[in-house]
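Accompanying notes for the structure given below.
Since every read-out is calculated from the coordinates, none of them should be taken as a lab result. The structure displayed is predicted, hence computed values, not measured ones. Using ideal geometry, Cβ is built from the backbone for each residue, glycine included, and neighbour counts are taken over all protein chains shown.
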Amino acid sequence: MSSRTIPKWLEIAYTYEGLREIPGAQTAPFIRRWLDELGAWWHDDETPWCGVAMGAWMKQAGESLPKDWYRARGWLNWGVPLSAAEFGCVVVFNGGPKRPGAGHVGIVAGQDAQGRLVVFGGNQGNKVGFAPFDRDRVLGYRYPAGKLAPIAPLPLFASATGAVSTNEA
């Protein structure tokens, strides 16, 4: 896949792959910078930060942000809805059985051989990276207003590894 087919926000997000939060009182410098740049009123990585990552990447890409960018479910009010997963779209999940009422947000990067979504996001296992998600947790798919989502099969991650994500707190 050429870099021309990767949405700018996902290309930016990929540059942070592998960065981790710091357990305890310290906060990872990249998360603190994102919080400062986005005007957050808190400055720690103990607060769920998937929405913060999404906000930072979209801001760097020159895209608008939803009013509640810091909340995963706030991304359900951003851009335009899509009826199905598309490469590079924002996907919002429910919090699963361990976090009812909560949520998680990431970017659809593809699917695995089992048909699960492979999502690139922040605060996935306390780091930035890829994780497989069951589609039954999806609350919505969104794409920036005024941009055309690619209508093509999702890329296949034949070597996707790891357990299905069930708790992103």
Toward the positive end of the charge dipole of region 3-157, about the Cα centre and with charges on Cβ (Lys, Arg +1; Asp, Glu -1), which of Ile31, Val52, Val92 goes farthest? Val92
Where does the charge balance sit around Gly24 when Lys and Arg score +1, Asp and Glu -1, over other residues with C-beta under 15 Å from its C-beta? -2
May I ask you to evaluate 6.51 cos²θ - 1.76 cosθ + 1.60, the Karplus curve with θ = phi - 60°, for each residue of region 108-121 and list the ³J(HN,Hα) values in order in whole Hz, giving x for glycine and proline? 6, 9, x, 9, 9, 4, 8, x, 6, 6, 9, 10, 9, x
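For the chain, what is the charge dipole size about the Cα centre, in debye to the nearest 20, if Lys and Arg each add +1 at the Cβ and Asp and Glu each add -1 at the Cβ?
Values: 17 positive and 15 negative charges, 53 e Å.
Computed charge dipole of the chain: roughly 260 debye.
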Run through the DSSP bridge list for the chain and note the antiparallel percent, rounded to the nearest 5. 90 percent
Students often forget the sequence filter, so: which lysines lie under 30 Å Cα-Cα from Lys59 once same-chain residues fewer than 8 apart are removed? Lys8, Lys67, Lys127, Lys147
For Asp68 and Ala113, calculate 0.36 nm times their separation in residues minus their Cα-Cα distance, and state this gained length in nm to one decimal. 12.8 nm
Distance in nm between Ala61 and Arg99 label points, each 7 Å along Cα→Cβ, equals 2.1 nm
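Starting with the fewest neighbours, write out Lys147, Lys59, Lys67 ranked by other beta-carbon atoms found within 10 Å of each beta-carbon.
Numbers: Lys147 13, Lys59 17, Lys67 9.
Ranked by crowding around the Cβ, least crowded first: Lys67, Lys147, Lys59.
Return a whole-number percent for the relative contact order of the chain, with Cα pairs under 8 Å and 6 or more residues apart as the contact set. Mind showing how you got there, number by number?
Details: 343 pairs, mean separation 38.4, N = 169.
Computed over the chain, the figure is 23 percent.
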Can you tell me how region 64-165 classifies by the Cα gyration tensor, rounded, prolate or oblate, using a/c under 1.5 as the rounded cut? oblate
Between Lys127 and Glu11, what is the FRET efficiency for a Förster distance of 25 Å, r being their Cβ-Cβ separation, to the nearest 0.05? 0.85
Of Val119, Leu19, Ala163, farthest towards positive along the dipole that unit charges on Lys, Arg, Asp, Glu beta carbons give the chain: Val119
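Given the rule -39500 (n - 2.57) for each run of at least 4 DSSP H residues, summed and divided by the residues of the chain, what is its mean residue ellipticity at 222 nm, to the nearest 500 deg cm²/dmol?
Numbers: 3 runs with 28 residues, N = 169.
Counting only the DSSP helices, I get -4500 deg cm²/dmol.
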